[in-house]
1. Quote the FRET efficiency, to the nearest 0.05, computed for R494 versus D436 with a Förster distance R0 of 45 Å and r equal to the Cβ-Cβ distance.
2. Provide the packing ranking of 518-527, 36-45, i.e. peptides ordered by the mean count of other C-beta atoms within 10 Å per residue, highest first.
3. What residues have an amide H closer than 5 Å to that of Q347, excluding those fewer than 5 places away on the same chain, when H is modeled at 1.01 Å from N in the peptide plane?
4. Within the accessible area of segment 173-288, what % is carbon and sulfur when the probe is 1.4 Å and the other protein chains stay in place?
5. Apply the Karplus curve 6.51 cos²θ - 1.76 cosθ + 1.60, θ = phi - 60°, to the phi angles in segment 420-429 and return the couplings in whole Hz, x for Gly and Pro.
6. Can you list residues from other chains, or at least 5 along the same chain, whose modelled amide H is less than 5 Å from the amide H of L236?
7. In Å², what does the accessible area per residue of segment 257-298 work out to with a 1.4 Å probe?
8. Grab the Cα-Cα distance for F132 and Q227, subtract it from 0.36 nm times how many residues apart they are, and report the gain in nm with one decimal.
Amino acid sequence: MTTAKKGYIQKFTSWYFSREALPFWAISVLDIFIIFVSLSLMYALVYGPAKLVSNGATVLYTLIMDLVFYGIGMRVFHTYADVSKILEFKDLSRTAFSTLLGSVLCMAFRWAVDLCPFTTQIPYRVFVLTFFSATAVLWLWRIVARNFSDLIRDNVREEVELLPRQEIEVNMEKIGGLLRGKCVLITGAAGSIGSEMVRQIASYSPKRLILIDQAETPMHDVMLDVQKTWSYLDVLFIVSSITNKELMERIFATHKPNYVFHAAAYKHVPMMEENPSVSIQNNVVGTRILADLSVKYGVTKFVMISTDKAVNPTNVMGCSKRLCEIYVQSLNAHLLKASNTAETKTQFVTTRFGNVLGSNGSVIPLFKKQIEEGGPVTVTHPDIIRFFMLIPEACALVLEAGTMGNGGEIFVFDMGQPVKIADLARKMIQNSGRRDVKIKYTGLRGGEKLYEEVLFKGEEEVPTVHPKIHVAKVRQYEYEDVCTQLDELEELARGGDDMQIVRKMKMIVPEFKSNNSKYESLDRELANGKNE
């Protein structure tokens, strides 16, 4: 036996007989049992219960043989996956096609060969009746399982209860139609937003998924999840920084993705306040590399995930994301101008929204841990407020905005009313049932402000077909000037002089006014320079 065959057998046995495979085995066994009962009942319906009992042994042998063909149908259409995620008719249709294929194979087998002497002849109409009866029961238990799963999730998902509004609904069918059969690249695929986008896009059977993230362990977790749930998909897992230009170019040249969803970024405000060079190199330079490669290799649509911290930024992280917005929007305008048409081959779309509940490093996991440890729950300021969204709804809106955009738009999501962080902490303490946990106010962190905004001063919103998605009308930048400015900023980032880097950022984005930060002195310096 060759090494390759041994490796395949080892891989087969290690997963199919592992704990992770248990839910799939349970679903498959239940489906097989339902089909067996349907076959038996349909045989009794055709011949009468008495004949079923009198020929019990031979009928049993024959029906067990028939189950092999139904098993083939289940394997071909993957009916054992995503039972709790039945969203549309297409998900149930896989089950119908599975039983149809099994019934057709059984009838073909009856027609093609003579049966073994220890089996009995089963008429064709038994398999026709089995198709209808088994499909109905398989659909029924899947719908019940989905509703039961929803009931449990609604009862235990604390994040939904913490939002002072209804969960946002998005019709995903149009999105699925565009992504199905396409090559999709997702950066930051192991993050909170990126990994949820992987799950949502994977359900629409893209031709290939290319997932990029530099965090090895979270990426490994995503790989296990994808291989368990969507084992039939062609997925490439790449552990790398998006600033590795040579590797990124090889990926684009080899796979030529149709859609790019760019979620990779350093996002923690206090960390980036102390590391502006890293913020520029990863967030700005990395975005520029991906955007340029998207143009070079004919990507249909590039969707960049931004943040409300890019609006009137008070910190390095927010300004770095605003620079990303400026670059992709100016690039889209440059391509339009060069093509002299209403559309470009590669369309660049930006989505801007606030915090997501339960994301890595957000207040929800932190507060939960502090409550479990007996407190105190740390809040920076009693009046600090933030906009919040659920991770699934944020990703669904990103996908919808990405598909509706024609290029150059900055889409802003309606996140409802802002939430006071202190009230959020009190509600979580109350929900925990503990009475001994106190709240401690620690003061605003570097670059942090009391409230976030979704529009610049003087900006306007234009509605779209989705009531929760608007287009922000922002100031336009000339592409050539942006490239010159970012070249200079990138050179400064290599030098590592924090003050020089941030000074340049403020010159490109004059709305960037530092708050509770050592860089406030630069604002005074630049203001005095203008007054002279």
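The values are calculated or read from the model by the stated rules, or taken from the named source; none is laboratory data. Here the structure is a predicted model, which is why all the values come from computation and not from measurement. With ideal geometry, Cβ positions are generated from the backbone for all residues, glycine too; neighbour counts draw on all protein chains shown. For accessibility, only protein heavy atoms count, side chains too; no ligands or nucleic acids. Shrake-Rupley method; radii C 1.70, N 1.55, O 1.52, S 1.80 Å.
1. My answer for the efficiency is 0.30.
2. 36-45, 518-527
3. Answer set, sorted by chain and number: K301, F302.
4. Reported share for carbon and sulfur atoms: 52 percent.
5. Once rounded to whole Hz, the list reads 6, 4, 5, 5, 4, 4, 4, 5, 5, 5.
6. Amide H to amide H, under 5 Å and 5 or more residues apart or across chains, L236 pairs with L209, I210, L211.
7. 32 Å²
8. My answer for the length gained is 31.0 nm.
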